[in-house]
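Presented below is the structure to which this report refers.
The values are calculated or read from the model by the stated rules, or taken from the named source; none is laboratory data. Just so it is clear, the model here is predicted, and its values are computed rather than measured. Using ideal geometry, Cβ is built from the backbone for each residue, glycine included, and neighbour counts are taken over all protein chains shown.
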Amino acid sequence: MPFVNIKQSFSEWQARLNTLAEHSGLHSILIMESKPDTMEVVVANEQPIYHVGDCGPKSRQSGCHELYCERVVDTAQPVFIPDASIDDEWKGNEDYVKFNLGVYLGFPLVSQGVVVGTICALNDKTFDFNEGSPSVCSELVQLKTDIELAF
């Protein structure tokens, strides 16, 4: 169970996500675990939408659109969606439809060669993940590395 250590040091991880969200202005930064039929929030920055234990249904469930994080897990590749509102492939995504979070950047979390989840950021308006020094993109990559070391 790769996320056991993350859950045991929850406060430390949440503090790191909170700091990044506050400094960047991003709405949500999440550590997600891939389950057979859902993506589950393991750690979230403090914001009103996502909470620990919340689950989003994967597209293999009838009537469900593919989740951003599901694509990351299925492809084992980072996914960047600059604006779901103008992207026919992502207009039906639950995060966009329910919460207006149409900007996404996510990276796969790998344990023993298997993608087990994601570290991701979502926003409700256009966001430049490469701006600043260090950039939010590089901060997310560092979080990915640190999480994988904690597995």
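I'd like the full set of residues that are in a loop (DSSP other than H, G, I, E, B) and either touching a His at 6+ places or on another chain (Cβ under 6 Å) or at pLDDT below 95 (or both), limited to segment 113-130.
D124
Using the structure shown, decide if G92 is modelled with pLDDT under 95, at positive phi and either out of contact with any Phe, Trp or Tyr (no Cβ under 7 Å at 6 or more places or on another chain) or part of a loop (DSSP other than H, G, I, E, B) (or both).
no
Looking at R60 and the list (1) surrounded by fewer than 21 Cβ atoms within 10 Å (Cβ to Cβ); (2) closer than 14 Å to S28 by Cα, which single condition is not satisfied?
Unmet condition: (2).
Conditions first: (1) of a type outside the set (A, V, I, L, M); (2) farther than 20 Å from E22 by Cα; (3) under 14 Å from the mean Cα position of the chain (by Cα); (4) buried (at least 20 other Cβ atoms within 10 Å of the Cβ). N123 passes all but one, so which condition is the exception?
(2)
Any idea how many residues of segment 26-56 are touching a residue at least 24 places away in the same chain (Cβ under 8 Å) and in a loop (DSSP other than H, G, I, E, B)?
Of the residues in segment 26-56, 8 are touching a residue at least 24 places away in the same chain (Cβ under 8 Å) and in a loop (DSSP other than H, G, I, E, B).
Kindly check whether there is at least one residue in segment 3-24 that is modelled with pLDDT of 95 or more, outside any helix (DSSP H, G or I) and closer than 21 Å to A76 by Cβ.
no
Looking only at segment 79-93, which residues are of a type in the set (V, I, T) and over 22 Å from I119 (Cβ atoms)?
Scanning segment 79-93 gives a single hit, I86.
What's the number of the only condition in (1) among the aliphatic types (A, V, I, L, M); (2) surrounded by fewer than 22 Cβ atoms within 10 Å (Cβ to Cβ); (3) out of contact with any Cys (no Cβ under 9 Å at 6 or more places or on another chain) that V103 fails to meet?
The one condition V103 does not meet is (2).
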